[in-house]
Amino acid sequence: MPEKKRVGFIGLGLMGSRMSMNLLKAGFPLTVWNRTREKMKPLLEAGAEGADSPREVAELSDVVIDIVTESPDVEKVLLGPEGVIHGAR
């Protein structure tokens, strides 16, 4: 069976935290980041790897899911100085 791709998940609010936990339960290696680091804690305890920035999520992951909703925040997460675009492969 092929190895599962590492998933990066950005945004761990109501939807993101549950989706991330389901990815872990399905056996996907997971890297997570959230502006509020406390929201990462349950996922880290469940086996996810934490990142220090969206850029690091992209550097460590094969696939990145961003579930941040506000336009200025999305732009910062994706295109900012520590954004996904700077770590994408």
Subset of region 68-89 (residues that are part of a loop (DSSP other than H, G, I, E, B) and out of contact with any strand residue (DSSP E or B) (no Cβ under 7 Å at 6 or more places or on another chain)): Thr69, Glu70, Gly80, Pro81, Glu82, Gly83, Gly87, Ala88, Arg89
Output for region 47-67, where each listed residue is assigned to a helix (DSSP H, G or I) and either of a type outside the set (Asp, Glu) or on the phi > 0 side of the Ramachandran plot (or both): Pro54, Arg55, Val57, Ala58, Leu60
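Read-outs throughout are calculated quantities, based only on the coordinates presented, and are distinct from any laboratory measurement. Source: prediction; values computed, not measured. Glycine also receives a Cβ, built like all others from the backbone with ideal geometry; neighbour counts cover every protein chain displayed.
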